[in-house]
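These notes concern the structure reproduced below.
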Amino acid sequence: MNFLVDENMPRTLAPQIAELGFNVQDVRDIGLRARPDSEVMDAAITTDSIIITRDRGFASPKTWPTEFTAGMIFVDLPSNTPAKIVNARVLELITKRLPVSLLGAITRVEPNRALSQIIRRRA
């Protein structure tokens, strides 16, 4: 699985995902800092990456281009949640879930649970 970490996530998240053996890029490292959501989405499509974000603009699958099939992890935790806890919740999700439950889905990481809804079935 490939991941694309949005700029509204802790800067420490991408290296921790990489340590687990996953392919990951941070938008801040690939020239997409402060770029429109459409450009971040294009990068995710190109690399077939699951976007990890807190950006509500990405949270509606109705706005996803048909070419986007990787999926989204939407971190819906209070804005004052410490980075350490945000990272731990995301890392727990990607290490304990079967990849099939994340691919093509929107997964909402909430304070007490993480729920996945398949949006686009992948072959």
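The set of residues in region 35-44 that are surrounded by fewer than 17 Cβ atoms within 10 Å (Cβ to Cβ) and touching a residue at least 12 places away in the same chain (Cβ under 8 Å) contains only D37.
Among the residues of region 62-93, the ones that are among the β-branched types (V, I, T), surrounded by 15 or more Cβ atoms within 10 Å (Cβ to Cβ) and modelled with pLDDT under 95 come to 1 in all.
Of all the residues in region 94-123, those that are open to solvent by 80 Å² or more (accessible area, probe 1.4 Å) and among the small types (G, A, S) number 1.
For beta carbons closer than 7 Å, sequence separation of 6+ or different chains, a first residue in region 61-83 that is touching a residue at least 24 places away in the same chain (Cβ under 8 Å) and a second that is of a type in the set (G, A, S) and not in a loop (DSSP other than H, G, I, E, B), the qualifying pairs are F68/A44; A70/A44; A70/S49; G71/A105. Total residues in region 1-21 satisfying the condition of being of a type in the set (A, V, I, L, M, F, W, C) and in a loop (DSSP other than H, G, I, E, B): the figure is 3.
The values are calculated or read from the model by the stated rules, or taken from the named source; none is laboratory data. Here the structure is a predicted model, which means the values were calculated and not measured. When we count neighbours, we look across all protein chains shown, and the Cβ atoms used for this are built from the backbone with ideal geometry, even at glycine. Calculation scope for accessible area: heavy atoms of the full protein, side chains included, ligands and nucleic acids excluded. Shrake-Rupley method; radii C 1.70, N 1.55, O 1.52, S 1.80 Å.
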